[in-house]
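Notes follow once the structure below has been shown.
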Amino acid sequence: MITNRTYAVEPWSVRETALNLDLLAQSESVFALSNGHIGWRGNLDEGEPHGLPGSYLNGVYELHPLPYAEAGYGYPESGQTIINVTNGKLLRLLVDDEPFDLRYGRLVKHERTLDLRRGVLERACEWTSPAGKTVRVRSTRLVSLTQRAIAAVQYEVEPVDSRTRVVIQSELVANESLPDPKGDPRTAKALQSPLEPEEHLAIGPRLRLVHRTRRSGLRVAVAADHELDAPGETTTSSESDTDVARLTITSVLEPGQRLRVRKTVAHGWSSARSRPAMSDQVEAALAAAAHSGWDGLEGEQRAYLDDFWARADVEVHGDEEIQQAVRFALFHVLQAGARAEQRAIPAKGLTGSGYDGHVFWDTEMFVLPVLTYTEPRAVAEALRWRRDTLPAARDRAAQLGLRGAAFPWRTIDGSEGSAYWPAGTAAFHVAADIAHAAVRYTAATGDTDFERDTALELLVETARLWRSLGHHDHHGVFHIDGVTGPDEYSAITDDNTYTNLMARANLLAAADVCERHPDEANRLGVDDEESANWRDAAESVNIPYNDEIGVHEQHSGFTRHQRWDFAATAADQYPLLLHFPYFDLYRKQVIKQSDLVLAMYTCGNWFDAHCDEDQIARNFAYYEPLTVRDSSLSACCQAVVAAQTGHLRLAYDYAAEAALMDLADLEHNTRDGLHIASLAGTWMALVAGFGGTRRFGDSLRFTPRLPEKFSRLAFRLQFRGRCLSVEIDADKATYTLLNGSPLTIHHHGSAVALNGDGPVTLAIPAPKWRPTPEQPPHRRPNAR
Ligand code: BGC
């Protein structure tokens, strides 16, 4: 397990001070570099040893059969899995006649630093070979945020005490052998050597490989160019074969002399472009990168990130670990979405092959909220990808006997990639989550073009889904029966409150947007009657409530179910899904992840209008002892509502859990890739939790309150063309409009006009005291 000491706690970097081979796979995820298009895991430059080699291109996947023991109507039959594409990171090293392999010899020093401001991964090591030759190796790696197709490595070798012959083999390798995949052998087969060779080339320092996936038919081209800085006599040669292209550089170095290789790697893929076109595309990308040169690439990277941090940084005083973690989180969230450009943002970003590289609702409800207020352009791109997948979502709705669009529970290419299972197939809330993200983005940016060309269609097709999925009973009440909400320990339930409230907002937003854009709405066949039906359904939607105990129900009948026997559940029986049958989880009161509690955050406006703070606190206190947090998506939501209800200490512990999910490998699966939703949730816990930030229509409301351990929290938000700074101390909050036109916000219920003539400071009222809710035994968050 990663311990607190694995990475030095520093404000702007994640530095590993010693190499621990047992933690290689985890550190490969933590040190992954990506721009949302290319993903390079933090594998060692020499390729081996490795935990999981990983080079990914967003959208490149292979198809595999989805097997069932017993088939059923409408069961998806084909799944998609992200594949490891051609690896351009490799620089193998031979020191005299021994391979530089850290499993052998003596590692004098090994340090890797992910620099969050420069956007590079640096490595410095000193190694003595088994034969006693000592060399220093330094490398700097980047995946360019400004040149989408480009990644680059600078690699330097220097002998320490005697003349040494050094050979560097810089390679492109396709179809790398991977550790044995777990799971279905048919899937494993699809992933063994997924790339069929089409072209290989090595001319001097230029290398190129073009391949094509067997079933999904995607063409992948990777090319590399090199620049050498070599003292004395150096020879080079290059060669290629179907799956390998290699430049070999040989030099004899005196102590203190340094051989430096700068390798630039260009990536491209397409389902349509021809092989010559793909080859030209990657060559052109190399030419553009050469025009910038290494220094140019590094400079552009720094400038891009300076700009990002100026808009997005979150400062935490009083807890250095959380300070580091939130910047690490923002960096990875940015990397996941920055240049995805009309592609999905997968649950693991491009940091590992976990969850088969699929995108889930994590994107719209966890990742996009952060990007909406920090890097809004990326949100529009991610939602345009959803819009582009509407044909598949319409087909799926039709197959299920529904209208509109049924977006997949998990996917890469837009078609349903989840085999039938109740918590996926019936998790229709993903439709409302997408709609919610489109409304959030439009309200926070005022981007009316997007509203017209993207949001409208998404809203209309999802509203149609809800209207056909739900029904009015004989009292006229609208019910949505047989669906699964966010909590996967309940399934196929009636009137899941989260789903109903999100669907309500979806239906109303669809009707509103059609009113604003009548011509476009007409083109989609929406008439007055249809939008009136949406409003009817929304306004009469059932929100189940248990009068006896005075709480909203997660779904109809939930509070009547038997409670899970927590007292008889041992600490090592979590996560419950690995130790108990789903049928039993489904029929008991036990919650995998925030559901009703999440609704109180995402549909806060409805709760504000229909109940008071005491009701919200009562709901929170009811669901806390039932929520086991077997999903990494839960802690951040609980942090937000704990802060809202004045449980600041508890909120702090939850925020820390979300923040350290990967840096401390809390769920022991960081090796498969980072938990991008939980990373995004770190921002959510701080900004929406302690900052109390909520959007209300096209304005913002704040109810800031800090936990005792924080002496200060400061963040910035992009909002409708403005940049707003919020600085919170224990007893006061300061709001400054850094640029843009005047804005009225709310601070703890009072309207505050910000007109750009300087900061406005307001006192923070003390929260109402309430007893701290209990958690299930063994599931209390770690107290910090
Ligand atoms: C959670 C889902 C989530 C998925 C991917 C599951 O464990 O229950 O809500 O979408 O992981 O992160």
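Could you order the peptides 297-306, 533-542 from most to least packed, using the average number of other C-beta atoms within 10 Å per residue?
Result, highest mean Cβ count within 10 Å first: 533-542, 297-306.
Between helix 429-445 and the chain, what is the angle of the helix's C-alpha long axis to the longest principal axis, kept within 0 to 90° and rounded to the nearest 10?
The answer is roughly 80 degrees.
Rolling a 1.4 angstrom probe over the protein chains, ignoring ligands and nucleic acids, what is the accessible area of C723 in square angstrom, nearest 10?
Accessible area of C723: about 10 Å².
Give me the net charge for the shell around G404: Cβ to Cβ below 10 angstrom, other residues only, Lys and Arg +1, Asp and Glu -1.
+3
Hey, if you put +1 on the Cβ of every Lys and Arg and -1 on every Asp and Glu Cβ in the chain, which of W606, G557, V370 ends up farthest toward the positive end of that dipole?
With unit charges placed on the Cβ atoms, the residue in question is V370.
P(r) of the range 4-142 in 5 Å steps, Cα pairs, percent per bin?
Per 5 Å bin, starting at 0, the Cα pair percentages come out as 2, 9, 16, 18, 16, 12, 9, 6, 5, 4, 2, 1, 0, 0.
At a probe size of 1.4 Å, how large is the accessible area of D280, to the nearest 10 Å²?
100 Å²
Just order 429-438, 602-611, 568-577 by mean Cβ neighbour count inside 10 Å, highest at the front, would you?
The densest-packed peptide leads the list: 429-438, 602-611, 568-577.
Report D for the range 103-207 in µm² per second (integer): Stokes-Einstein, Kirkwood Rh on Cα pairs, 37 °C, 0.692 mPa s.
Stokes-Einstein gives a translational diffusion coefficient of 187 µm²/s.
Using a simple spin-label model with points 7 Å from Cα along the Cα→Cβ vector, what separation in nm is obtained for D494 and A8?
With each label placed 7 Å out from Cα toward Cβ, I get 6.1 nm.
Given the range 241-388, report the % of alpha carbon pairs whose separation exceeds 25 Å.
51 percent
Helix 275-312 versus the longest principal axis of the chain: what angle, 0 to 90°, nearest 10, using Cα atoms?
For 275-312 against the chain, the angle is about 60 degrees.
Which values of log₁₀ I(q)/I(0), to two decimal places, follow from the Debye formula for the range 468-520 at q = 0.12, 0.18, 0.25, 0.29 Å⁻¹ with a uniform point scatterer at every Cα?
Values, matching the q order: -0.36, -0.67, -0.95, -1.09.
Pulled fully out, how much extra length does the chain show between E315 and A730, if you take 0.36 nm times their separation in residues and subtract their Cα-Cα distance?
Going from the current span to full extension adds 148.0 nm.
Can you tell me the mean projection area, over all orientations, of the convex hull of the chain's alpha carbons? Units nm², please.
33.4 nm²
Distance between the C-alpha centers of the range 225-254 and the range 653-685? Whole Å please.
Cα centroid to Cα centroid, the span is 41 Å.
Report the charge-dipole magnitude of the range 8-292 in Debye, nearest 20, computed about the Cα centre from +1 at each Lys and Arg Cβ and -1 at each Asp and Glu Cβ.
That gives a dipole near 540 debye.
Using 0.36 nm per residue, how much length does the chain from D306 to D229 gain when fully extended, once their Cα-Cα distance is taken away?
That pair, D306 and D229, stretches by 24.8 nm at full extension.
Placing one identical point scatterer on every Cα of the range 8-292 and ignoring solvent, what is log10 I(q)/I(0) from the Debye formula at q = 0.10 Å⁻¹?
-0.55
Return one number: the angle in degrees, 0 to 90 and rounded to the nearest 10, between the long axis of the Cα atoms of helix 390-399 and the longest principal axis of the Cα atoms of the chain.
Helix 390-399 sits roughly 60 degrees off the main axis of the chain.
Would you mind estimating how fast the range 570-697 diffuses translationally, via Stokes-Einstein at 4 °C and 1.567 mPa s with the Kirkwood radius over Cα pairs, in µm²/s?
The Stokes-Einstein estimate is 85 µm²/s.
List the pairs from K89/K348; K732/K768; K109/K263; K592/K768 whose alpha-carbon separation is above 26 Å, in the order I gave them.
K592/K768
Do you know the relative contact order of the range 124-167, to the nearest whole percent, from alpha carbon pairs under 8 angstrom that are 6+ apart?
36 percent
How much of the accessible area of the range 8-292, probe 1.4 Å, is carbon plus sulfur, in whole percent?
Summing carbon and sulfur atoms, their accessible area is 47 percent of the total for the range 8-292.
If the range 346-695 were replaced by its equivalent ellipsoid, with semi-axes equal to the square roots of 5 times the Cα gyration tensor eigenvalues, what would those be, largest first, whole Å?
30, 23, 20
Would you work out which of A152, S237, A287 lies farthest towards the positive end of the dipole of the range 8-292, given +1 charges on the beta-carbon of Lys and Arg and -1 on that of Asp and Glu, about the Cα centre?
A287
Report the charge-dipole magnitude of the range 615-773 in Debye, nearest 20, computed about the Cα centre from +1 at each Lys and Arg Cβ and -1 at each Asp and Glu Cβ.
For this selection, approximately 560 debye.
Over the range 99-247, what is the relative contact order in percent, taking alpha-carbon pairs closer than 8 angstrom and at least six residues apart?
So the answer I get is 16 percent.
What does the charge dipole of the range 346-695 about its Cα centre add up to, to the nearest 20 debye, if the Cβ of each Lys and Arg holds +1 and the Cβ of each Asp and Glu holds -1?
The calculated dipole for the range 346-695 is roughly 380 debye.
With the dipole of the chain worked out from charges on the C-beta (+1 for Lys and Arg, -1 for Asp and Glu) around the Cα centre, which of T351, A431, A25 lies farthest toward the positive end?
So the residue we want is A25.
Which whole-number percent is the relative contact order of the range 8-292 (Cα, under 8 Å, 6+ apart)?
That works out to 17 percent.
Order the peptides 389-398, 496-505, 28-37 from the highest to the lowest mean number of other Cβ atoms within 10 Å of their residues.
496-505, 28-37, 389-398
The values are calculated or read from the model by the stated rules, or taken from the named source; none is laboratory data. Keep in mind that what you see is a predicted model, and the values were worked out from it rather than measured. Every residue, glycine as well, gets a Cβ built from its backbone with ideal geometry; the counts of neighbours run over all protein chains shown. For the accessible areas, the whole protein counts, side chains as well, though only heavy atoms, and no ligand, DNA or RNA atoms are used. Shrake-Rupley method; radii C 1.70, N 1.55, O 1.52, S 1.80 Å.
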